[in-house]
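These notes are about the structure you will find just below.
The values are calculated or read from the model by the stated rules, or taken from the named source; none is laboratory data. Keep in mind the model is a prediction, meaning the values are calculated, not measured. Please note: Cβ atoms are built from the backbone with ideal geometry, for glycine as well, and neighbour counts cover all protein chains shown.
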Amino acid sequence: MVTIRSMDRSEVARIEEIDRSEHVTTNYVFDHGELRAESVDWRVPRWPPTGDGFSVEHITAGVVTVLESGGTMLGAFDETDALVGFAVLRYGLAEQMAQLDALFVSNGYRRRGIATRLLTRVVDLARADAADWLYVSATPSESAVGFYMSQGFHLAEEVNHALHLLEPEDIHLVRSLAD
């Protein structure tokens, strides 16, 4: 059984427990206001411990920054207390808009409802903070974009400029938090 709970800054290093590896066969590109699917054959490995970009060191630093600005981190833990998923919420990305800064579930634990459970908790927290919208800059893979769209997200009409500069290939999505 997987349990979801808040995590504090002292636990952020546990991100290294996540196996984010994936075989991506469809990638999305935002092209002239629409999503265009491309066939690809990418083997995405686990995060390396150090380095720029997607490394445990880099992601941990980003999560710490969000937590220091008042954000929240949630973890999904299996019966052995291994971290098998996590989500990070940044409050106040814009007026009445929060950001799902990160959401990852370990390979081998996907398609079990863990991401949905984490997202549900993030939505509840964002609503409690009076956010009307939730923004995500999503990895352009079919698994990520498809998940978010199945959860009520749609293409952002206005892209957050700072987030777009960080990862220009990402697909920027928003979800209304109105009941």
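Just to be sure before I move on: is Phe147 under 20 Å from Arg20 (Cα atoms), out of contact with any Asp or Glu (no Cβ under 7 Å at 6 or more places or on another chain) and not hydroxyl-bearing (Ser, Thr, Tyr) in the structure I sent? Here the answer is yes, as Phe147 does meet what is asked.
From the list Ser10, Ser39, the lone residue that is closer than 21 Å to Gly146 by Cα and among the small types (Gly, Ala, Ser) is Ser39.
For region 78-104, residues that are among the polar types (S, T, N, Q) and either in a strand (DSSP E or B) or within 15 Å of the chain's Cα centre (by Cα) (or both) total 1. Note on region 105-162: residues that are within 25 Å of Gly70 (Cα to Cα), in a loop (DSSP other than H, G, I, E, B) and of a type in the set (D, E, K, R) amount to 3.
Do you know which of the residues in region 42-58 that are among the hydrophobic types (A, V, I, L, M, F, W, C) and surrounded by 14 or more Cβ atoms within 10 Å (Cβ to Cβ) is nearest to Val24 (Cα to Cα)?
As a first pass, look at region 42-58 and keep what is among the hydrophobic types (A, V, I, L, M, F, W, C): 42, 44, 47, 54, 56.
From what is left, the residues that are surrounded by 14 or more Cβ atoms within 10 Å (Cβ to Cβ) are 44, 47, 54, 56.
Numbers: Val44: 7, Trp47: 16, Phe54: 16, Val56: 21 Å.
Top of the filtered list is Val44.
State whether one or more residues within region 38-61 are on the phi > 0 side of the Ramachandran plot and under 18 Å from the mean Cα position of the chain (by Cα). So far as region 38-61 goes, yes, one or more of its residues are on the phi > 0 side of the Ramachandran plot and under 18 Å from the mean Cα position of the chain (by Cα).
The single condition among (1) of a type in the set (Ser, Thr, Tyr); (2) within 17 Å of Leu177 (Cβ to Cβ); (3) surrounded by fewer than 21 Cβ atoms within 10 Å (Cβ to Cβ) that Thr72 does not satisfy is (3).
Only one of the numbered conditions (1) under 30 Å from Glu157 (Cα atoms); (2) modelled with pLDDT of 95 or more; (3) surrounded by fewer than 13 Cβ atoms within 10 Å (Cβ to Cβ) is not met by Tyr91, and that is (3).
Just to be sure, is Ala102 hydrophobic (A, V, I, L, M, F, W, C), within 18 Å of Ser150 (Cα to Cα) and either out of contact with any Pro (no Cβ under 6 Å at 6 or more places or on another chain) or loosely packed, with under 13 Cβ neighbours inside 10 Å (or both)?
On the way: hydrophobic (A, V, I, L, M, F, W, C): yes; within 18 Å of Ser150 (Cα to Cα): yes; either out of contact with any Pro (no Cβ under 6 Å at 6 or more places or on another chain) or loosely packed, with under 13 Cβ neighbours inside 10 Å (or both): yes.
Answer is yes for this residue.
Ala82 meets the conditions (1) of a type outside the set (Phe, Trp, Tyr); (2) buried (at least 19 other Cβ atoms within 10 Å of the Cβ); (3) over 21 Å from Val145 (Cβ atoms) in every case but one. The failed one is (2). Within region 135-160, the residues that satisfy the criterion of being surrounded by fewer than 16 Cβ atoms within 10 Å (Cβ to Cβ) and at pLDDT below 95 are Glu157, Glu158. Within region 88-96, none of the residues are in contact (Cβ under 8 Å) with a residue 60 or more places away in the chain and of a type in the set (Phe, Trp, Tyr).
Tell me the residue from Val40, Val24, Val63, Val29 that is touching a strand residue (DSSP E or B) at 6+ places or on another chain (Cβ under 8 Å), more than 14 Å from Val84 (Cα to Cα) and either of a type outside the set (A, V, I, L, M, F, W, C) or without any contact (Cβ under 8 Å) to a residue 40 or more places away in the chain (or both), please.
Details: Val24 fails: either of a type outside the set (A, V, I, L, M, F, W, C) or without any contact (Cβ under 8 Å) to a residue 40 or more places away in the chain (or both); Val63 fails: either of a type outside the set (A, V, I, L, M, F, W, C) or without any contact (Cβ under 8 Å) to a residue 40 or more places away in the chain (or both); Val29 fails: either of a type outside the set (A, V, I, L, M, F, W, C) or without any contact (Cβ under 8 Å) to a residue 40 or more places away in the chain (or both).
Residue meeting the stated conditions: Val40.
Tell me whether region 102-123 contains one or more residues that are more than 26 Å from Val56 (Cβ to Cβ) and touching a residue at least 12 places away in the same chain (Cβ under 8 Å). For region 102-123, residues more than 26 Å from Val56 (Cβ to Cβ) and touching a residue at least 12 places away in the same chain (Cβ under 8 Å): present.
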